[in-house]
Amino acid sequence: MATQQQSSNFKHQDRQPWYKNYMVIIFVIGMPLFVVVACLWFVYYSYQIRDSVVRDDWYMDGKTLYHDISRDKLTYDLDLRGDLKFAPNGDVTFYLNYPEESLQSGKLLNGDPLTYPDKLELSISHATDIHKDRDTILTHQSGNKYSAHVDLDATKGKYYLQVSYDGKDDWRMQDVAKLPRAEISFSPLPVFEKHS
């Protein structure tokens, strides 16, 4: 009698349609569907937050990556320094400071005549968000003063700053700073002091 009752229960369960069985809904359909949707979302999200292109003097030779530091070395050799000032309205002023020896002799430390370039390039790159990068041209005003206008993001963040000159003497000054702030001072990279 008990065997007949168990048999009838089994037949009753067997007669249920598959779509009414919660085990099928959860484990056979639900979980794989959830994994597919989650994977698609992660692919979309990783595409949205992908890394931006590296902005620096890197080049590739075959499968070897090289970093060109000749521009930084020239800044050190010429003993170039600078002060970058940010005004609250977005005006930027840069002062290109030659060493006292060059100012007195009228020549750079490499023997070239001392002149102030007509324009310099200013690159302000955010550490993680390419949309906050700003590039502009600093125009020569008078003496060692250059100016430009840059609209920076108001949220404080880490930025890589570079002032460069692409002329006969191809040099650049670099620094890392949290912006916005009032002033940044550039000086030659100290790494070259060991090799001089």
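Any read-out appearing in this document is the output of simple, stated calculations on the displayed coordinates, not a laboratory observation. Since this is a predicted model, take the numbers as computed values, not measurements. Note that we place each Cβ from the backbone using ideal geometry, even for glycine, and neighbour counts take in every protein chain shown.
Quick check on my link table: of Lys107/Lys158; Lys119/Lys178; Lys107/Lys132, which ones sit more than 30 Å apart, alpha carbon to alpha carbon? From the list (Lys107/Lys158; Lys119/Lys178; Lys107/Lys132), the Cα-Cα distance tops 30 Å for Lys107/Lys158; Lys107/Lys132. Here the Karplus curve 6.51 cos²θ - 1.76 cosθ + 1.60, taken at θ = phi - 60°, turns the phi angles of segment 28-38 into couplings of 8, 9, x, 5, x, 5, 4, 5, 5, 5, 4 Hz, with x standing for Gly and Pro.
The Cβ shell under 13 Å around Lys158 holds other residues with a net charge of 0, Lys and Arg each +1, Asp and Glu each -1.
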